[in-house]
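Everything below concerns the one structure shown next.
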Amino acid sequence: MKTIALIEENWNGHRPTYLKVFTKTLLELGHQVIAFCPKPLELTEWVAFNCPNYQEQFQVFQFQRPEPSSFGINGIRTALNALKRWYYAKASIQYASSKIGKVPDLVFFPWLDSRVIASKSTLKML
């Protein structure tokens, strides 16, 4: 069993659905899921209703989009925003890990339109 962190900073449109589907699928496959999202209570209630047998494998923490960079050059601003996301994700994961005593084996941003996967080694580099 792997411990997998799912990080979603946007709670609009299709994004909550992706997070819920990935959470349910990973739980049913026997993995521990640590979710980070803007509406942790909504996700907790959804898991309780849709995955009642897997609640012990599930934790959720508040996660908001970091304040975007205001750097004037678009390409650099995009890179800065990406770095801010990674640093904020790392800090959030470290906080959650200290609370629950588990470190994720994988970190996944479940954006089907912009996927990012990281391992522990990627987060250690930050």
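The values are calculated or read from the model by the stated rules, or taken from the named source; none is laboratory data. These figures come from a predicted structure and were not determined experimentally. Positions of Cβ are backbone-derived with ideal geometry, glycine not excepted, and every protein chain shown enters the neighbour counts. Note: areas computed on protein heavy atoms with side chains; ligands, DNA, RNA excluded. Shrake-Rupley method; radii C 1.70, N 1.55, O 1.52, S 1.80 Å.
Regarding Leu19, is this residue in a helix (DSSP H, G or I) and not acidic (Asp, Glu)? Yes. Condition (residue is modelled with pLDDT of 85 or more, part of a loop (DSSP other than H, G, I, E, B) and open to solvent by 80 Å² or more (accessible area, probe 1.4 Å)) applied to region 97-106: is it met by at least one residue? Yes, that holds for at least one residue. Of a type in the set (Lys, Arg) and surrounded by 18 or more Cβ atoms within 10 Å (Cβ to Cβ) - does that describe any residue in region 22-32? No, every residue in region 22-32 fails to be of a type in the set (Lys, Arg) and surrounded by 18 or more Cβ atoms within 10 Å (Cβ to Cβ). Would you confirm, using the coordinates I've provided, whether Thr17 is modelled with pLDDT under 95 and among the polar types (S, T, N, Q)? For Thr17, the condition - modelled with pLDDT under 95 and among the polar types (S, T, N, Q) - is met. Residues in region 64-81: is at least one out of contact with any Pro (no Cβ under 7 Å at 6 or more places or on another chain) and at pLDDT 95 or above? No, because not a single residue in region 64-81 is out of contact with any Pro (no Cβ under 7 Å at 6 or more places or on another chain) and at pLDDT 95 or above.
Counting the residues of region 43-69 that are surrounded by 14 or more Cβ atoms within 10 Å (Cβ to Cβ) and not hydrophobic (A, V, I, L, M, F, W, C) gives 7.
Across region 1-20, the number of residues qualifying as surrounded by 17 or more Cβ atoms within 10 Å (Cβ to Cβ) and without any contact (Cβ under 8 Å) to a residue 24 or more places away in the chain comes to 0. Screening the candidates Val60, Val47, Val33 for the property of being of a type in the set (Val, Ile, Thr), more than 14 Å from the chain's Cα centre (by Cα) and closer than 21 Å to Met1 by Cα yields one hit, Val47.
Please determine whether any residue of region 48-68 is at positive phi and either assigned to a loop (DSSP other than H, G, I, E, B) or of a type outside the set (D, E, K, R) (or both). The answer is no; no qualifying residue exists.
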